Every structure is written in C-alpha cells, then in structure tokens.
Amino acid sequence: MHTSSLLSFWIRFSLLLCLVIATTSYGDDNLLPSVEEIQQRLKASADAADISDKEKDQIEKSYQQAIDDIRAAQQYEQQSLKYRQAIKDAPDALSKIEQQQARYSAPQLPNEPLDGQTVLSLLNDMEGKVTSLRATTSELKANLDDERRLLLRQIISDTQTAIDATNNNLSTDDKNNPYQLADNIAQTAQRKMLQSKIDAIKQRLAYRPDHLALLEAQISFEQKRLNGAINLRDKLTALQSQLDSKANASKLSQLQAVTASLISAPKSLRDIAKHNEVLAQQAASLSEQQDNTSDELNRIQTQINELNNKFSSLNRLLELEVYESSAVFGNALRQEWEQTSSVINSSEAIKQTEMLLVDNRVAMFSINQKRAPYDVPEVKPLMAQIGKDNTRWKDEAHNLINQRRELISQLSSAYTQHVDTLSVLLDKLGYLSQRSQTYSDLLESNLFWIPSATPFNVQTVAAAGDSAAWLFRTEHWQNVVQAIVRNVQQEQISLFTILCAFVLTIILRKRLKQRLTDIAPNIGKVQTDAFQFTLEGLAITLGLSLPPALLLFALALLSDTQTGFSNSLSNAFFVGGLMMIYLEFMLQLVRKNGLGEVHFRWSESNLALLRKNNRLLIIVFIPVGIIMTLLTNQASVEIREDLGQFALIILCSSLAIAGTRVTRNAYYRHRSSLYTSKRFSYFVYSLLILVPVFLIILSAIGYQYSAQRILALMLETAVLCTLALLVYYTSERAISVKARRVAFEKIRAKRAATLLANEQQEAAEQSGEGVPDIIDTQELDRHTITSQTKAVIRLIIWLVLLGALSIVWQDISPIAYSLDDIVMWEISSDDPQTPAQLITLWSCLLSLAILFISVIGVRNLPGLLEMTVLGRLNLSPGTSYAITTMLKYTIVIVGIIVSVNILGAQWSKLQWLIAALGVGLGFGLQEIVANFVSGIVILFERPIRLGDTITIAGHSGTVTRIRIRATTVSDWDRKELIIPNKTFITQDFINWTLSDPVTRIVIPVGVAYGSDTEKVVSVLLNEANHNHNVYQDPAPAALFLAFGDSSLLFELRVFARAVVDRAMVTHELHMQIEKAFKQAGIEIAYPQQDVHVNMRDPIDINIATTKSDSPLK
C-alpha cells in the first residue's frame, strides 16, 4: 500500500513538472510575436512621434533582425522534419539501392549485326552516358567527403555557446521602453533560431550514419554503372574500329581494282586513280590515328580520375592528426611523391600533340581551300587533255572524279573529328600536368612535416649494419664490371679525352703554381698591376682543382648504364665530381701565393682556417656524398633511411666541427670588441654549430627526409654564398686596380694644373690681386670612388643572392609568399567593372625596398659612374657633375613614382591636387625653379667653367664652384660672391677665359705737340717687344689715333697671356715707357690751359702792406 502511494505521488509530480515546463515554454513562445505582429509594431514605431530618429533606426534594425531569425528558425524546423523523415525512410532507401545494384546487369552489344552508322550513334550515346555517370559519381564522392569532414558536434557546441551569450544579454529592465522591447524580441528570436539550428543539426547527426551508408551505396552502384558503360563504350569503339578498317580495306580494294581496270586508259585517268588510292590509304591511316588518339584520351582521363581520387584520399588522411607522427605514413607519402615526380613531366607528350594538331589543321585548311593534293579536277579540261578518245573514257572520268570528291569529303570529316579529339587531348594533358604538379607539391610540402624514418635507437644501428651489406652484393658489382667492360669498348674517345685532360693538368701543375708565384710581386703596384692577373689566377686555380674531379668523372663514365646499380653508381660519381671541384677549388683558392692571400688580401688566420676546414670536408663529404646519392637513386626505402641516418649524422658532425673552428676563431678576434656588429657576427658564426646539431637531432627523432632536405638546401646556399663572395672580391679587385690607375692619371694632371696655378699665383701676388687657392673641381677622390662603387656592387650582389636563395628555399619557406595574402587596404576604381586593387604587406615591403635601393643608388652613383663610364670619356669635371646630378634626380623621381604606384596611387585622382600644387609652387618657388633650370643649362651648355675669370654686374673674379642653384665667384679681394644661376642666363657678362685666356691691353699715351711721332711709335713698340709678359702672337701694335687738346694721342695695344697678368703688364709697360721717353727726349704732355685778359678797360691795382710784411720785420 505504501509502495503504491509512493508510486502515485511520483507519477503526479512528474505530470506536474511536465505541465510547468510546457507552460514555461508556451510563455516563451508568447513572448515572441509572429512575423505579422512584428511588422505591425515596426510600422507603429515608425509612425510614433515620441521616438527619436536614432531610436527608430535601432528599433527597425532589431525588428528586421527578429523577422530574419524567425524565418531562419522556420527553415531549420523544416530541415529537422526532413531529417526525421529521412531517418525513417533510410532503411527502405538503402534496401532499394541494394536491390537495384543486385538486379543491375552491365549493358551488352546487340546480338544482331550493326552497321557503322548505328555503331556511331550508340557510341555517341554511350559517351554522353559515361560523362554523366562520371559527373554523378564525382558529385557523390564530393558529398561523401564533405559529410565526413563536417564537424557537426563542434557546430552544436558553438551554437550552444551563442545561445548562452544571448541569454546573458537578454534584459528584463524597463519592458515598456520600445527600444528595449524590440531588442528583447530580437534576442528571443535569435535564441529560437539557434535552438532550431541545434535541433536540426542533432537530427542531421542522427541521420549521418544512414546518410553515409546511402552515399556509399549510391557511389558503389553508380561506379558499377560507370564501369559497365565504359566497358560497352570500349566495345563499341573496338567495333567501330573494325568496321572502319573493313570499310577502308574494302574501299581501298575497290580503288585498286579500278586502277587495274584502267591499265589501257590515258595516263591522266591512271594518275587520278592512283591518287585516289593514296587518299584512301590516308583516310585509313587517319582512322587508325583517331583510334589511337581516342585510346590515349581515355587513358589520360583515367589517370586524371585516379589522380583526383588520390587527392581526395590524401586530404582525408591529412585531416586525421593521428597520421602526423606516423613514420609508415611518411614513407608511403615519400614513395608516392617519388613515383609522381618520375612521371610528372608530360611536356614531350604535349609537344607531340601540338605538332600533330598543327599538321591536321594545315591539312584541313588545304582541303577547304582545295589545294593539292586535295584538289578535284574538272571534267571538261580532263576530256580535252585526253583528246580524240574522250568519248570512250567519259564515264570512267566521271566515276573517278566522284570517287575523289567522296574521298575528300571523308577526309574532311575525319580531320575535323581528329582535330576535335586532339584539342580535347591537349587540354586534358595540360590539366593532368598541372594537377600532377599540384599533387606533387602537396606531397612534398607535407613530407617535410611528417617523420619518414623510425627514431634512432639500438635497432637502427643493427638495421644499418644489415643494410650496409646491400652495398657489397655480388650482383651489384657484377653489373658494374659489365658496364665498365662495355664502356671501355664504346666510350674510348670520351675516356681518352678525360685521360688526356688529367695527364695535362698533372704535367702543368708545377708550372701553374710557379705562375701564381710570379704574378704575386706585381699585385698592388700601380705601374705593373693589372686585373688580368686576377682572371689568370682564377683560371690557374680552376686548373689546379681539376685532377681529382676528372678521376671521378672518368669513373662515372666507366660505370654508366641505362638502369640498375651501375647507373646509380655513375650518377653518384658524377655528383661526387661536382662536389670535388667545389671543395678543391676552395682549397686552391687559399693556397700559398694564391688568390685569397695575394689578390683578395685575406688574413693569414682566415686562410689557415679555410685550408683546415676544406681538407676535412673533402675527406668526409666526397665518400659520404657518393654513398648518399647512391642510396637515393637505387636503394629501397628501408636501406635508404637506415644508412641515410648514419651518413647524414657524419656529414653534419663534420660541418659542426668546421663551424666550431670558425666560431672559435671569430671569438678570439672579436672578444675584446665592444661593438654590437662584432657581437652579432659572433652570434651568426655560432649558427654554424647549432644548425648541424639541429639536423642531427631532427634525423635522430625520425624526420630524416626533412633533415636531408634542409642539409641539401644549406649546401646549395653555401655554394651560392661562396659564388657571391668570389664575385664580390673579384669585383673589388677590379675596382681597386682601376681606381689606382685613375688616381695616378689624376695626380699627373693635377701636378700640371698646380704648376700653372703657381704661376698665376705669383703673377697675382706681384699685381696685388687675390686669386683663390682652392677651386672646387667637383671631382671625387679615389677612396670615395672606391667606396661608392663597392657599395653599389654589394647591393647588386645582395639582391641577386637573395633572389637566388628565395628560389632555393621557396618550397619549404612559404612565409614570404604568404605576405601577399595579408591585405593592408583596398583601393577602389571609378569603373564598377574593374575590381578593387588590394595593397598587401608584400606590396608595402616591396615599395620600401625600391625606395631603399633608390637611396643607395643615389648616394653611390657618382663613384660608380666615374669608375665605369665617365672616367673613360675624358669629360670635364663640370660635365661629369651635370650628368651625375641629372641621373640622381631621375633615380629619385622614378623610385618615388614606382613606389607610390605599387602602393596604389591613382594619378587620375591626384591630377587636380598636383595641378594646384604646381600653380602654388610656381608662384612661391619660381625663382628657385628658375635657378635650378639655369644651373642645368649652365652645366650642360658651359658658358662658364670652374677657374674661368668673369665680370658680371660690375664684379670680377674667378669661378670656384658651380652648383644647381648658385655659382660662387671669388673676386680680386678674396671675397666670395654667391650669384644665382638665373643671372648668368638673363644678364650679360664677360667670360675672359671661355675659349682663350689671352686678352688685349690698351695703354693710352699722350705726347707734347712737336714730338717726333715716328720715334714715339718706335719707342712704344720697342718697349712692348722687350717685355717678357707681352704675348707676341698677336704682335703688339702702336697707333697714332688723334690730335688731342693738349697732346698727340697714341695707343699701345698688347696681349697678355692670362687675365692675372693684365695688371702686371700694364705696370711694367708704364714704367718702361716713362723711362724710355725720358731717354729719347720725348715729352709726355700734360693738360695746359691758356688765360686771356681783356685790356680795353684799365684795371686798378692797389698794393697794400701789412705789419707782417713790414721790412723791419
């Protein structure tokens, strides 16, 4: 009884609880109005006068969001109902598919005989069916992959989180506020939508097992139908080929019979019949080509389908994180990658298909244009050619011409069909090549992050010992011996050539070393040094490094075969030969009296370190590198990984030892330095130890492929860096030789200029005029030229090196390429059809790089131009300065324009701003611009030059500096006048030394009336001729010019050698003329004045005396 009461209580409590829950849910539904009610509230709020416009917009936005969420919730509810119904119908649907698959039988060829037209019709229908079934199967497989990848539980979790956030945001304050009420309704609608979404996803999750089973069953059934359709298509294709072959054979036999029957016919008819046979054979051959092309197309399509399936399978496996640490999976990926890489190149097939397509199109064009051999003769000309028997052979001629037309029509159709098939094949080949490359890249990119070998342990050591026996298998070396015997007989010329080269390098080795020693004393001396010595030293160094490599190349040639162990050994020897050339060249580079010591001036400590490291690397790298190359080309994956780990560890250990030596040497050199750059160099040197150790650890934990790949890239990087250093030091050597030569020639020229300047200085000091001691010749000194040229060469080498390294490391370093995916901003276009320009982080970095290169170029351009171009043209300093200045401005302007264009500047939108700025700057900076343009004109037109003596605006002096804006003139008082360049263009001025420094001096002389004029002229000329500062060509001249008021006027006209001599010549001539006139008794006239007194009227003269004039005094 008690138990029955307790049970009744729990039943009533449960019913009450369900009622409360239902009432609560009903209450929540009552809180959410229908769409129609929300629309009415939206209209009412829009018409309300007590609500601001801002609140109306927010209310409208909330109600509209609520409407959208309610409609979305209704759609999710419909999806839930659909999934519930699908769950109920899934067993029947699966059973129906299985029954269809069980009842399905592959289509077969009809039993009755088929003609060619029927077969062709059936074949076309079957091609369409195969295409349709392929598309259906691919779509079902894609749906299956999408369903498997979809993380429904994660979506449910995220949606529930959104519901919780909505519940937290739901407000219960001031429900009478229209804005708050609209927001609550929107939140409630969103919560209902999310809840409906969860219900729908749960139903989909419940339906997922049945859905996957249905998809797999449908895929199986469609694949079965596809296989049946493909089989029937292949049968129809084979049947059509048979029918075509029979038809072509029958046609050919008929034509041969016709030709045989025309044995007594005229030659023109027999030629037409024979040509018809040729066309029939061509049609039969074209039919066979069409069949082969169709088979090739089907084969390529099969490969594409298999490749797409591999893509799907690989993507599914990669999504499973459990495979990321599987060495077995890594080995499988590597084998697949090697197989794909071996067949990835289809360029030859594409090239052959393109050539065949072109030939067929040319044939089609000839047929359409009725060109030979596809022309059809006319009956009347043919009858006229036959002559008197034309009536007898008229019917045969008509038949032959009709056969020709039929054959040409058949060929036209066949060529058209073949061209279409070839076009499709060409597209498929291109797609297969691109898809294969993408697949290979996907495999390679994932191989790097997946272990490819078991971690290094005791079993690895034992397995490596067993794998080493693979190298000494008898059958391997028997293959090598057979290859050697065969190559000794077949490659005698090549072997003899290598042997002669080896013997020659050994014989000349001592002479080459002696030549390096003979060159050494000439290096560094201006008069004997030449860059050719360095080029000769490079050639000698290469010759000294050849003998060991030639031996390895000879072994590679001896063991060369097409396949097998011997072929892999030959490749290994060849790779070893290349490594030997590099290492031996570096060793010979640092030998005694070698390039490093004598030409490049490397320190003795660095030379000793490089010698020691190169010897170590030669001992380790050559044999181990040969073994690793042999394993890569020939061994199985297990042997390759076991022995490869040991080989890689040995190589990295040798690199670590060499890095330790370099780091220790750098530490001893830089430990007392406090400069940050030196400490940074020490850190970089430390990487030479850390990176090999990291590769050893990477290989030990199983990432063997990754370690090998990084090691190979490091070696390629080392070769590129070595080549860059060699180019830099060789260029530096050429610059140094050239700079010393240029400096030597300038010293000679400057010595002559100094002597002339000293003479002018002496003349100026005698005349008491100031001449500037230093004139700015705008020439660069040797150290500036050298440093600027080196800076530009360093920049170029760095740019080339970085470009090469980016190519080398691009496969495993996608960071730089992903910078182009980071969008910084967008720039829209006025044209709606033109997409917006995306400015990425890569664009910004590229723009900064261009500006940086422009700045470096502008700063170092003068030295580079002087070294490479201007120094060879024998230009004046002013012209060189003008060219350099203009190029500087050009580089700056081009760099700014390119950088701004990369950042998306649209000049069409900036043209008005530029025009306004141009007008403003034109008024504000017109004088500066005028002086700037005038400076360019002066520098190129050269009306004045450095050192010229000029007179402008009443000022005279020597030009000491010419710049773009102003010119500096030092006057005779040693004052510097800054004259704007515009003045020299717009005003008149005198250049005393523009084309000739010789100037005329005019000395006026007046003698008294009654003097002997001939004697005066003779004395003047005599004094002028005896003055050593007077220029004799043109000769001096003395002229009697006029009768003056008080004297006879003469002029002595002489020429001075330089402007600075004018004052001194004038002084000396004045002194000599005055003295000579005294000796000759010639009176130099002076101004006289006659006073005339009027005596008509008497003049009273009173003489008075003063006390001071008293005689007593």
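Bear in mind that the values in this text are calculations on the coordinates, not laboratory data. This is a predicted model, so every value here is computed, not measured. FYI the Cβ positions are ideal-geometry reconstructions off the backbone, even for glycines, and counts take in every protein chain you see.
Ordered by the number of other Cβ atoms lying within 10 Å of each residue's own Cβ, fewest first, Y705, Y179 fall into the sequence Y179, Y705. Cβ crowding within 10 Å ranks I856, I979 as I856, I979, fewest other Cβ atoms first. With the simple spin-label model, which puts each label point 7 Å out from Cα in the Cβ direction, the T517 to R974 separation comes to 6.1 nm. Estimated from the Cβ-Cβ distance and a Förster radius of 35 angstrom, the FRET efficiency linking D271 and V358 is about 0.75.
Computed across segment 519-670, the Kirkwood radius stands at 17.6 Å (inverse of mean 1/r, all Cα pairs). The gain in end-to-end length when the R942 to E55 segment is fully stretched comes to 311.7 nm, 0.36 nm per residue minus the alpha carbon separation.
The Cβ shell under 11 Å around N1027 holds other residues with a net charge of -3, Lys and Arg each +1, Asp and Glu each -1. Label positions at E378 and L239, each projected 7 Å from the Cα along the C-beta direction, are separated by 4.7 nm.
If R0 equals 30 Å, the separation of the Cβ atoms of S264 and R405 corresponds to a calculated FRET efficiency of about 0.75. Fully extending the segment from Q75 to N665, taken as 0.36 nm per residue of separation minus the present Cα-Cα distance, adds 204.9 nm. Can you tally the net charge around R591? Count Lys and Arg as +1, Asp and Glu as -1, for every other residue whose Cβ sits under 11 Å from the Cβ of R591. Overall, the nearby charge balance is +1.
The residues V485, V620, when put in order of fewest to most other Cβ atoms within 10 Å, stand as V485, V620. Note on segment 464-688: dipole from Cβ charges, positive end direction compared against L550, F585, T660; the farthest Cα belongs to T660.
Derived scalar couplings between HN and Hα for segment 229-236 equal 5, 5, 4, 5, 4, 5, 5, 5 Hz in order, rounded to whole Hz, by the Karplus curve 6.51 cos²θ - 1.76 cosθ + 1.60 (θ = phi - 60°), x for Gly and Pro. Of interest is the spacing of the C-alpha centroids, which for segment 56-110 and segment 253-296 amounts to 63 Å. Projecting the Cα atoms of S220, A142, Q190 onto the charge dipole of segment 32-240 (Cβ charges, centred on the Cα centre) puts S220 farthest toward the positive pole.
With a Förster radius of 35 Å applied to the beta-carbon distance between A849 and N606, the computed FRET efficiency rounds to 0.65. Taking amide H as placed 1.01 Å from N in the peptide plane, R961 has its amide H under 5 Å from the amide H of T968, each at least 5 places away in sequence or on another chain.
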